[in-house]
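**Q** Below: one structure in C-alpha cells.
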Amino acid sequence: MATQSPDFPDQVSDKRLNELERRKRIFDAKTRIMGVDKNALDIQCLNKQMQREWERQEKQSEGSNAEAVNVRLQLIETAKSQKQRESEKACRDWSLENLHFGARREFALNDPHALKKDLPARLGDDDPRCGPSSMQKFGGEEDVRTLERKKQEKVEMRNTLLQQKAEKKAREQAYKDDHMSYQKSVMEANKLRQFIEANEAAEQRQEQMEIKNENLAMADEHAQRKKNQIDRNSALNVSELQHHLSDGMLTETANHYNDFGRIRRDAFKGATEQEIEDVANERIQQGAARRAQTEQAKQAALEEARLEEQTRQVLVAMEQDAQRQKRDRAKKLAAENQKLALEQKAAKLVANEMNKNKIQDTFYTQFGNSIR
C-alpha cells in the first residue's frame, strides 16, 4: 500500500483554497465582468517562471551526472572489450601453433612423408620384431644410436608436457585476472552509482524542503490577498449600494429626453400609454393600407390572367383553323395525285398493248384470197 506524502494535507488544502477562489471569481458577476487582480496574476507568472527555471537547472544537472556516468561506463566497457580481444587473440595464436594440421591424431594417415619417418627394419640386436628367421641383420646396417634417440624423445616429450601445463596455468591465471578486474570495475561502477543516487536523494530532500517553505509563503500571501480582496469587495459593495440609492435612472427621477427632444438611451424607461396607443393605431392603419394594396394587386393579377386567357383562346382558334386548312390542302393534293397516277397507269397499259407483237385476225384472213 502506497504511503501518503508529508505534504499531501498541505496540497489538499491549497487545492481547496484555489477551488473556492475560482468559484467566487466565476459566480461573482462584478469580478467576471471587470476582471481579476493584475498584481496577483503577475505574482503567479513570476512563480511559474521561477519554477520553469528551477526545472531547467535540475534537468541540466541530471544531464551532467548522467553524462559523467556514461563516460565512466564507456571506459569500463572499452577496457573489458580490449581484454576480451587480447584473450581471443592469444587463444587463436595458441590454436595456430598447437592445433595445426600436423598435430592432429589422424595426421599419420595423410602424412606424405610417412615412409620417410617410418622405423627401420630393426632397431638393434635385441629388437623383438626380429626373430631367428627374420633375416633382417645385414652388414653395415646396425643402428647404435637407438637408445640415445629414445632418451632424447622422452626429454622432448617431457618438455612439451611441461610447456603445455605452463600455458594452461597461464591461461587460467589470465582468466582469473580478467574476472577480478571485471568485478573490480563493476564494484567501482556500483559505488559511483550509489554515490550519485545518495546525492540525488539529498538534493531531492532539500528541494522538497524548499518547495514546502515556498508553499507556506504562498499560503500566507494567498491569505493576505484573500483578506485584501474581502476588504476591497466590501468597499465596492458599499459604493454600489450608495450608487443604487442616488442614481437617477435607478430611482426613475432623471429626465428621459435631452435638450433637443430626443430620447436618452441611457435613461429611457419605456413609452407612455398615449405613445403606446398612437403606435397601435398607426399599426392598424398600416395593416388596413397593406390589405387594400394586396387586394388591389390581386384584382390586377386576375384581370391580367383573364386577358391572357382570352389571348390564348384566340391564338388556339387561329392555330386550329390553320391546321384545318392545311389538312384540306393535303387531302386535295392527295386526290389529285391519285387521279394523275390512275391516268398514268392507264396510258402505260395502252402503250404496252400497242408495243406488243400481237398477231391480229387480219393476219390470218389475208391468206387464200387469190391464186397467187
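**Q** Return the residue satisfying two criteria in turn: it lies in region 221-232 and is more than 30 Å from Glu58 (Cβ to Cβ) and in contact (Cβ under 8 Å) with a residue 12 or more places away in the chain, and of such residues it is surrounded by the most Cβ atoms within 10 Å (Cβ to Cβ).
**A** Gln229
**Q** Return the pairs, sorted by first residue and then second, in which the second residue is in a helix (DSSP H, G or I), the first residue lies in region 194-220 and is at pLDDT below 90, the beta carbons are less than 7 Å apart, and the residues are 6+ apart or on different chains.
**A** Short answer, once both residue conditions are applied: Ile196/Asn65; Ile196/Val69; Asn215/Asp10; Asn215/Asp14; Ala219/Asp14.
**Q** Also, quick follow-up: Could you tell me which residue of region 69-87 is surrounded by the most Cβ atoms within 10 Å (Cβ to Cβ), considering only residues that are farther than 26 Å from Lys168 by Cα and touching a residue at least 24 places away in the same chain (Cβ under 8 Å)?
**A** Top of the filtered list is Ile76.
**Q** Pairs please, first residue from region 88-101 and over 14 Å from Gln164 (Cβ atoms) and free of Cβ contacts under 8 Å to residues at least 24 places away in the same chain, second anywhere and assigned to a helix (DSSP H, G or I) and among the hydrophobic types (A, V, I, L, M, F, W, C), Cβ atoms under 8 Å, 6+ apart in sequence or on different chains.
**A** Close Cβ pairs satisfying both conditions: Phe101/Phe107.
The values are calculated or read from the model by the stated rules, or taken from the named source; none is laboratory data. Note that the structure is predicted; figures quoted are calculated from it, not measured. Don't worry about glycine lacking a Cβ; one is built from the backbone with ideal geometry, like all the others, and counts go over all protein chains shown.
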